[in-house]
Every structure is written in C-alpha cells, then in structure tokens.
Amino acid sequence: MPKPAKAQAPQPENPQQLILDGAVVNNEWHLIPSDESAADLSAATLASGRLMLPLAVWQELRGELTDRKSEIGVWLDSDETADLLGEAACELPLIAVHFPAFADGRGFTTGRLLRERYGFAGELRAIGNFMRDQLSYLSRCGFNAFAYQGDQSLEELLKSLRDFSQSYQAAVDQPEPLFRRRGLA
Amino acid sequence: MYRYDDRDRTIISERVAQFRDQTARYLAGELSEEEFLPLRLQNGLYIQRLAPMLRVAIPYGLLNSAQLRRLARISRDYDKGYAHFTTRQNLQFNWPQLEDVPAILAELAEVEMHAVQTSGNCIRNTTSDPYAGVARDEIADPRPYCELIRQWSTFHPEFAFLPRKFKIAVNGAQADRAAIRVHDIGVQIVEQDGEIGFAIYVGGGQGRTPVIAERIREFLPEEDLLSYLEAIVRVYNQLGRRDNKYKARIKILVKALGAEEFAARVEREWEQIRDGVDRLTPEALTWAKSFFTAPEYKVLDSTDSDAALAAEASEDKAFARWLERNTFRHRVPGYRAVKLSTKPTGVPPGDVTDRQLEAIADLADEFSFGEARITHDQNAVLADVEQGNLKALWQAARKHGFATPNIGTLTDMICCPGGDYCSLANAKSIPVAEAIQRRFDDMDYLYDLGDLNLNISGCMNACGHHHVGHIGILGVDKKGEEFYQIQLGGSSSESASLAKVLGPSFSRAEVPDVIGRILDLYVELRHPDELFVDTYHRIGLQPFKEKVYAKAS
Ligand code: HEM
Ligand code: SF4
C-alpha cells in the first residue's frame, strides 16, 4: 500500500504545556522530528536532556544510549504499530503516539496495545492533531498525557476528560466489560 | 425487548449532555466546521442539500409503541410531520433545526433511544432479520447477539475513528433476510453438534465498489463473538487505507490482502485476546437472551385457526391478496407476522407521517404485544398477530394507508432519497419509483410476476441497493442530464450476487418501458414457478439485452 514519504509527513508540534495525569504541567520533553534531519543524528550529536525520538532513530541508536534510558522516549507515527516496540516498550519512560489528523484513529489501537499487551506503564502521550472531544476515548485507551496543539485552553480541555462516568467495554481504564459488572448472578 | 438499566441510562444521558455542549461550542464559533463534522456525524446529524438530517438508531429495527409515539411527536414538533425508514432499519428526520438536535436527543433518551453512531466512520447500528424470534426457519434468535454487539460497539474507545464507516448484520435463520453478505461483517448463526455459534463473513459492501463478503470462519463458538469482532475491527483499524476514502472500507483491505491472509491476521490477533475479559460469560448470554423471550401467546389450534382464516379470505378477494403478500408464516400455530407496506403509489418509499407512526403504535398495542420492527426494505412489521385478528388489523391498516398488498412485488421497491433531497445525486430516484408504480398498477400482473426486488439509487453510492436488486436502477449523469442505467440479477439473500449492467443508459421517460420489455421477456421464457431472478440466472443477460436494445423495425 502506498505510504507518503516520511519526509513529507506532517510533524507533530511540541507545545510548552500539556495535560499530564489530569493536571496542566510544563512540557519537559524535547521532540526530535522524523524529517530528513533525522538521518544525520548520532548518539554523540544528540542533544542532552529528555528526548522523544522517532522510532527509526531510536531503533538505530538504542544500543548506544543505554546510559540515558531514563531520558530517552520514543514517538510513533500513526502507521507505526505497537508491536514494532513490543516488549521493549517497558524499558521506556515515555511513548508518544502521533495523530497526524484527528480522523486517523490508528493511535487508539496503538495506545491500548502498548498498555494491555506490552505492559507499558510509563507516560503515554498523545501528540499531533487530536481534538478535545477525543480525550475521553484517548484516556480509555491508556493515554495519560495530551500535548494538545489546538486553539482551546488546557483548562477547558480537562472538562472533556470527564464526559463519561460509565462505559460498556473493557479498556485500559476499566478491566471488565459492563456485562461482567452488572451483577448478573 | 432490551430495557435500559441505570448504567445504560447514564451512558446515554451523558452523551446527550456532551453533544449539547459540543453544539453550543460550535454555534459560539469555538469549534470549527471541520472539528464539529465527525462529532455531529457520530450523533447521526448530516447536513443535507436543503436542511440537516437526523438519523435515529433503531437497534436491529425493534421498537415499542411508546418509542413510536415519541418519534411521531418529534416529527411533529421539530420536523414537518413525517419521517423516513431507512434500509438499515433506522429512522430519519429530514428537516430538524441544528439548534434543536440536543433537545431531540434528550427526548429520544427518555424512551431509551439515541442517534449514536448512525453515521461517521465508526461501528453503525447492527441490523438483523425483521422476523427474528418468529420465523419458522430460525436457528436461533439473533437479537440477543445484536444487543451484545450494540453495547460492545457503543462508544468503543478504540474504534470511533475507523478508516470508514463499519456495518454489522446478524442473521439467525436459514434464509438470509439481513443482507449479511453486503455488510462489512456478516454474522450468520449456525448450529454444529448441538452448539450454537457463528459463521463470520467480512468485506461485503455496496457503494461504488460493490463486493460480496467472504466467509473467514465457519464456526465461531457463541462465547467468542465479541472478542472475534474486536480482532477483526482492530486489524482493520490498523491496516485499512486512510489515504483515499473510496478505498477505505474493509472490503478493499480484504481484497488487497486476500481473504485467507486477512483471516490469518484476524486469527492471530484473536489468539491473543480470546481468553480475555470479552469472552461472553454464561450469565451474560442468559441475561441477553432474557430480554427476547416469547410473549404470552395463546394456545391456538392451528387447523381451526387456519380454516377460519381461509373462510374469511374466501369471502373477500382484497383481504385474500393482502394475506398472501403481506403476511408471513409464524412459528407459533395460529399466529402470523404482518408487513405494513409504506409503498403505496406516489409516496416516497419508506416515508411515514406522524399519524402513521402513531397508527403503527396503536396497531402494535392492539394486535402485537406493543412492539414493531422496521425492515431493510423500508416497511414495518408487526411480528405477533393472532390470525383471528388479521381481518381487523387489515381494515385498520387500510385506513392508515399501510395495506397496499404489494410486499415483495415489483412495486415494493427500495429507493434512495435521490436528487430531490441528496446533494450527491446524479439523478432523481423518487419520480422513477413513482413512474414504475403507476405503469405497473395491475395487481394481478404483479402477483403473476411474483417475488421481484427492484432497487433504485440516484448515484453510485448505492444507498438504494441497486447492486443487489433483481432489477437495479442507477442514476447517472450524461453530459449534465439525468440518465438511468439498468442492471439485472442482483440479490442480497443467502445466494447473494451483484447485478450486471444491461447496456447504455436511458432517459427517465424511457425507464418504465424498458422495465416492461424486461418483464415481457421473463414472462415469455420462464419455467413454471420460476422467479425472475432464477430465470435470469438460467438464461443470462444476453437475451434481455437483445430484447431491450432491439431496433424497432
Ligand atoms: C439523503 C442523503 C444521503 C446521503 C448524502 C448519503 C450518502 C451516502 C454515501 C456517500 C454512501 C457511500 C458510502 C461508501 O461507499 O462508503 C452511502 C451509502 C449507503 N447509504 Fe446513504 N446517503 C443518504 C441517504 C441514505 C438513505 C436515506 C438511506 C436509506 C434508505 C441510505 C442508505 C445507505 C446504504 C444502505 C448505503 C450502502 C452502504 C454500503 O456501502 O454498504 N442513505 N450513502
Ligand atoms: S444513492 Fe446517491 S443519490 Fe441516493 S441518497 Fe445515496 S448518495 Fe444520495
């Protein structure tokens, strides 16, 4: 299936503030884009501090970054599935999942699988063009951080996290589907 | 039928509050057109050519009389006093005001209804056989499974932004009356060694690339239904194309990978989750089934009841005709299911007035345990009518315009809204339906033709199911003029097939004559008791082509 070349793919923004665990906080992570500049990166030239690396860069350099484990995270583009990280997810402090457009819902599956199948327990961050009204779904799929790049204030956004108090399905936030919780004898 | 408990009510009322807020933000300019679009679509709200259109979900087509009355009231208070039954057993309001939609949703919630996921790129209303629970050829009642699927798919957090819309249908009988082979997933209930389970079909669909679904599993145990569906939709969500909306349906993915490879991927995903929490517990299955138990039928002697009915029929030819075409044999002695026709000549197929909705409610209360079903051919069914009441029901149905004895005949057509309402149309479809109904108004002729589905769509999006009509009519644009292509031989039944194009298209005025020539040839060449579609499959397209395009000499 034809894929747009990575070089043309839209890059996520990395706003100064974001929502983390239900509060507005400063963004302490730097995002390395996956554009052509990524090809020249090496462990030696990589900036210091906390970095979110494109998957390909991380795969290339991970062996040389073992002493920086707590400050090296990965961001997945929407066509990069959770199994590409697999069990390695557990070694990471942060995984970000890119939503190039809000209609691109692949990241919902990616988030759920990282949490439910690969046991990822660190910060799971939504980046890119998701929208406010997707927050409750995103959080059900395991996202606990939202680097929102739209127009609304983060305080407004927080309200949408609480749109639903009840749900039918099992998901990351709810270990059992409703049919197991209805108290059927 | 299924009844909400507090948890269902909470979910639906929180959704109404959420949409109220979204609409307010949109109207205040805080939400862009582009952002509001998927939100309103997931609440059933389209913006159409002339006005918004609100599509209300009728889970597997089942309604009670209180819900019917509420729909009638909404159509009166917020719309122009009528509504439309769709081919996916839903109901549409054609003229609501955007500002009123949150209030309409609140009114629906009061009677345990909603418009959730009736459009948008998510899992839509699950459809089924309108004779579920009463058909003689039923293996098991599909409705408990439909309800479990409804709950599983409602606000599924992972699957609200799929590549494209996603439709599931469940059939529980030998005959497929749910068109499962033209759905993204078709679930066929089967029995194997005394165990109930499902054959699973994927990748069917209509639209501009019609495809008959492929069977990817012969037998899925009952308790694995939801985990298997989850595996299918997960594979699709990850791999379905998102670069071109015309190639985004699951049918394209299944074709691209091949059904075998697609099935293998589903099985691999399923292996990881089949023993998880989505496995249906015996309690959950018993609970779901408890909502669809038989009503309190009287114990009737079938010989007596049949004889009395035959006597009534012999005295009244009109009643006898209606009985023959518009009623359906019931598994319980002395009962029948009745189809109310929304297809009298000159009314857009599927349209009903507020008074008619109330009349269906009254008839349901009086004759059919207070429930009715909407059918995929845009009619309504009262499923549990005592044979001794049929005559009274017929008389009442006649008064309300529901007793046209044309069910299953040429004039009981499926027809999309077409150019009269729809901005995507190439051509009008409702006037074509009416012209055909006027031309073929001789009931004896229609009965002689027997079962015949004629389906009309105003463009290749195929809302009117023209690909699966025995005769399909498709509106096309020919240098800015409305033309119609004729197709033959489609079917959405268990022997599903796609119709083939007859040849060059016709002007609207020519269509009834062309249909006439096709029918003439059928009458001439059919074997005794052979239906139109069977004659077509026996003799093929060519003789029809020759007949229709023969030079007048
Ligand atoms: C009036 C405005 C309507 C518009 C603009 C509209 C638009 C569309 C479009 C664009 C498609 C193709 C989707 C695709 O190929 O993926 C479609 C398919 C369909 N529509 Fe509509 N529609 C309208 C009304 C209706 C109505 C009233 C019905 C029911 C009577 C209906 C039933 C369907 C069905 C059954 C399909 C085929 C789904 C499939 O591909 O499996 N539509 N519609
Ligand atoms: S088939 Fe075409 S004309 Fe008819 S309702 Fe669908 S989109 Fe409109």
- request: Could you tell me whether any residue of the range B:64-84 is away from chain A (no Cβ under 14 Å), in contact with a Pro (Cβ under 6 Å, 6 or more places away or on another chain) and assigned to a loop (DSSP other than H, G, I, E, B)?
  value: yes
field: Unique match (being under 22 Å from B:S491 (Cβ atoms), among the polar types (S, T, N, Q) and away from ligand 1 (no atom under 16 Å from the Cβ)) among B:T409, B:T404
entry: B:T409
task: Being touching a residue at least 60 places away in the same chain (Cβ under 8 Å) and open to solvent by 40 Å² or more (accessible area, probe 1.4 Å) is the filter here, so list the residues in the range A:42-84 that pass it.
output: A:D79
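Please count how many residues of the range B:155-182 are within 14 Å of another protein chain (Cβ to nearest Cβ), open to solvent by 10 Å² or more (accessible area, probe 1.4 Å) and away from ligand 1 (no atom under 12 Å from the Cβ).
First, the residues of the range B:155-182 that are within 14 Å of another protein chain (Cβ to nearest Cβ): B:155-166.
Narrowing the set further to residues that are open to solvent by 10 Å² or more (accessible area, probe 1.4 Å) leaves B:155, B:161, B:163-165.
Still in the list and also away from ligand 1 (no atom under 12 Å from the Cβ): B:155, B:161.
Of the residues in that region, 2 qualify.
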- line: Going through the range B:454-479 in order, the residues found to be open to solvent by 60 Å² or more (accessible area, probe 1.4 Å) and within 16 Å of ligand 2 (Cβ to nearest atom) are B:M460, B:C463, B:D477, B:K478
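Anything in the range A:134-148 that is under 14 Å from the mean Cα position of the chain (by Cα) and not aromatic (F, W, Y)? List them, or say none.
Taking the range A:134-148 first, the residues under 14 Å from the mean Cα position of the chain (by Cα) are A:134-135, A:137-148.
Of everything in the range A:134-148, those that are under 14 Å from the mean Cα position of the chain (by Cα) and not aromatic (F, W, Y) turn out to be A:Q134, A:L135, A:L138, A:S139, A:R140, A:C141, A:G142, A:N144, A:A145, A:A147.
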query: Given the structure, is B:A427 buried (at least 22 other Cβ atoms within 10 Å of the Cβ) and within 16 Å of ligand 2 (Cβ to nearest atom)?
result: yes
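Take B:Y484 and tell me if it is open to solvent by 20 Å² or more (accessible area, probe 1.4 Å), farther than 15 Å from B:Y536 by Cβ and away from ligand 1 (no atom under 16 Å from the Cβ).
So B:Y484 does not fit the description; no.
Considering B:N43, B:N90, which residue is away from chain A (no Cβ under 14 Å) and either open to solvent by less than 10 Å² (accessible area, probe 1.4 Å) or closer than 30 Å to B:Y145 by Cα (or both)?
Details: B:N43 fails: away from chain A (no Cβ under 14 Å).
Of B:N43, B:N90, the one residue that is away from chain A (no Cβ under 14 Å) and either open to solvent by less than 10 Å² (accessible area, probe 1.4 Å) or closer than 30 Å to B:Y145 by Cα (or both) is B:N90.
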message: Contact list please: Cβ distance under 6 Å, first residue in the range B:210-233 and within 18 Å of B:I250 (Cα to Cα), second residue within 16 Å of ligand 1 (Cβ to nearest atom) and of a type in the set (A, V, I, L, M), pairs at least six apart or on different chains.
response: B:P210/B:L498; B:I212/B:A496; B:A213/B:V202; B:I216/B:V202
- prompt: Does the range B:399-418 hold any residues that are within 13 Å of ligand 2 (Cβ to nearest atom) and touching a Ser or Thr at 6+ places or on another chain (Cβ under 7 Å), and which are they?
  reply: B:I414, B:C415, B:C416, B:G418
- line: In the range B:2-25, residues that are surrounded by 18 or more Cβ atoms within 10 Å (Cβ to Cβ) and more than 14 Å from B:M113 (Cα to Cα) total 5
statement: Selection over the range A:86-116 where residues are in contact (Cβ under 8 Å) with a residue 24 or more places away in the chain, open to solvent by 10 Å² or more (accessible area, probe 1.4 Å) and either part of a loop (DSSP other than H, G, I, E, B) or of a type in the set (V, I, T) (or both) yields a count of 6
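For the range B:362-384, indicate whether the set of residues that are assigned by TED's automatic domain parsing to the domain that holds B:A499 and more than 16 Å from ligand 2 (Cβ to nearest atom) is non-empty. Can you show your working first?
Going through the range B:362-384, the residues assigned by TED's automatic domain parsing to the domain that holds B:A499 turn out to be none.
No, every residue in the range B:362-384 fails to be assigned by TED's automatic domain parsing to the domain that holds B:A499 and more than 16 Å from ligand 2 (Cβ to nearest atom).
Across the range B:135-148, what is the number of residues that are touching a strand residue (DSSP E or B) at 6+ places or on another chain (Cβ under 7 Å), of a type outside the set (G, A, S) and surrounded by fewer than 24 Cβ atoms within 10 Å (Cβ to Cβ)?
Step one: of the range B:135-148, the residues touching a strand residue (DSSP E or B) at 6+ places or on another chain (Cβ under 7 Å) are B:135-140, B:142-143, B:145-146.
Subsequent filtering for residues that are of a type outside the set (G, A, S) retains B:136-139, B:142-143, B:145-146.
Filter again for surrounded by fewer than 24 Cβ atoms within 10 Å (Cβ to Cβ), leaving B:136-139.
Final tally of qualifying residues: 4.
Could you please find all residues in the range B:183-212 being open to solvent by 10 Å² or more (accessible area, probe 1.4 Å) and either within 17 Å of the chain's Cα centre (by Cα) or within 16 Å of ligand 1 (Cβ to nearest atom) (or both)?
Going residue by residue through the range B:183-212, those that are open to solvent by 10 Å² or more (accessible area, probe 1.4 Å) are B:183, B:188, B:190-196, B:201, B:206-212.
Correct list: B:H183, B:Q188, B:Y201, B:Q206, B:G207, B:R208, B:T209, B:P210, B:V211, B:I212.
Consider the range B:357-375. How many of its residues are touching a residue at least 60 places away in the same chain (Cβ under 8 Å) and among the polar types (S, T, N, Q)?
Kept after step one, since they are touching a residue at least 60 places away in the same chain (Cβ under 8 Å), are these residues of the range B:357-375: B:357-358, B:360-362, B:364-365, B:369-375.
Okay, now just the ones that are also among the polar types (S, T, N, Q), so B:375.
Total satisfying the criteria: 1.
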query: Within the range A:149-165, how many residues turn out to be more than 23 Å from A:E13 (Cα to Cα) and crowded, with 17+ Cβ neighbours inside 10 Å?
result: 2
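Output the residues belonging to the range B:382-403 that are closer than 22 Å to B:C416 by Cβ and crowded, with 24+ Cβ neighbours inside 10 Å.
Step one: filter the range B:382-403 for residues closer than 22 Å to B:C416 by Cβ, giving B:401-402.
Answer for the range B:382-403, where residues must be closer than 22 Å to B:C416 by Cβ and crowded, with 24+ Cβ neighbours inside 10 Å: just B:F402.
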message: Going through B:L54, B:L37 one at a time, which residue ends up being within 14 Å of chain A (Cβ to nearest Cβ), within 14 Å of ligand 1 (Cβ to nearest atom) and modelled with pLDDT under 95?
response: B:L37
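Answer yes or no as to whether B:Q48 is among the polar types (S, T, N, Q), open to solvent by 40 Å² or more (accessible area, probe 1.4 Å) and either modelled with pLDDT of 90 or more or within 16 Å of ligand 2 (Cβ to nearest atom) (or both). Spell out how you get there, then give the answer.
Details: among the polar types (S, T, N, Q): yes; open to solvent by 40 Å² or more (accessible area, probe 1.4 Å): yes; either modelled with pLDDT of 90 or more or within 16 Å of ligand 2 (Cβ to nearest atom) (or both): yes.
Considered against the rule, which asks whether it is among the polar types (S, T, N, Q), open to solvent by 40 Å² or more (accessible area, probe 1.4 Å) and either modelled with pLDDT of 90 or more or within 16 Å of ligand 2 (Cβ to nearest atom) (or both), B:Q48 comes out as yes.
Here is a list: B:G480, B:G475, B:G490, B:G503. Which entry is in contact with a helix residue (DSSP H, G or I) (Cβ under 7 Å, 6 or more places away or on another chain), of a type outside the set (S, T, N, Q) and either in the same structural domain as B:R88 (by TED's automatic domain parsing) or on the phi > 0 side of the Ramachandran plot (or both)? Before you say what the answer is, go through the steps one by one.
Numbers: B:G480 fails: in contact with a helix residue (DSSP H, G or I) (Cβ under 7 Å, 6 or more places away or on another chain); B:G475 fails: either in the same structural domain as B:R88 (by TED's automatic domain parsing) or on the phi > 0 side of the Ramachandran plot (or both); B:G490 fails: either in the same structural domain as B:R88 (by TED's automatic domain parsing) or on the phi > 0 side of the Ramachandran plot (or both).
Testing whether each residue is in contact with a helix residue (DSSP H, G or I) (Cβ under 7 Å, 6 or more places away or on another chain), of a type outside the set (S, T, N, Q) and either in the same structural domain as B:R88 (by TED's automatic domain parsing) or on the phi > 0 side of the Ramachandran plot (or both) leaves just B:G503.
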- prompt: Residues of the range A:120-169 being within 10 Å of chain B (Cβ to nearest Cβ) and in a helix (DSSP H, G or I), which ones?
  reply: A:R132, A:D133, A:Q134, A:S136, A:Y137, A:L138, A:S139, A:R140, A:E156, A:K159, A:S160
- prompt: Of the residues that sit in the range A:80-119 and are at the interface with another protein chain (Cβ under 8 Å from one of its Cβ atoms) and charged (D, E, K, R), which one is nearest to B:W270 (Cα to Cα)?
  reply: A:R117
message: Among the residues of the range B:421-429, are any basic (K, R), in a helix (DSSP H, G or I) and not assigned by TED's automatic domain parsing to the domain that holds B:N94?
response: no
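The values are calculated or read from the model by the stated rules, or taken from the named source; none is laboratory data. Just so it is clear, the structure is predicted and the values come from calculations on it, not from any experiment. Because the Cβ atoms are built from the backbone with ideal geometry, glycine has one as well, and the counts that use them run over all protein chains shown. Heads up: the accessible areas ignore ligands, DNA and RNA and are worked out on the full protein's heavy atoms, side chains in. Shrake-Rupley method; radii C 1.70, N 1.55, O 1.52, S 1.80 Å.
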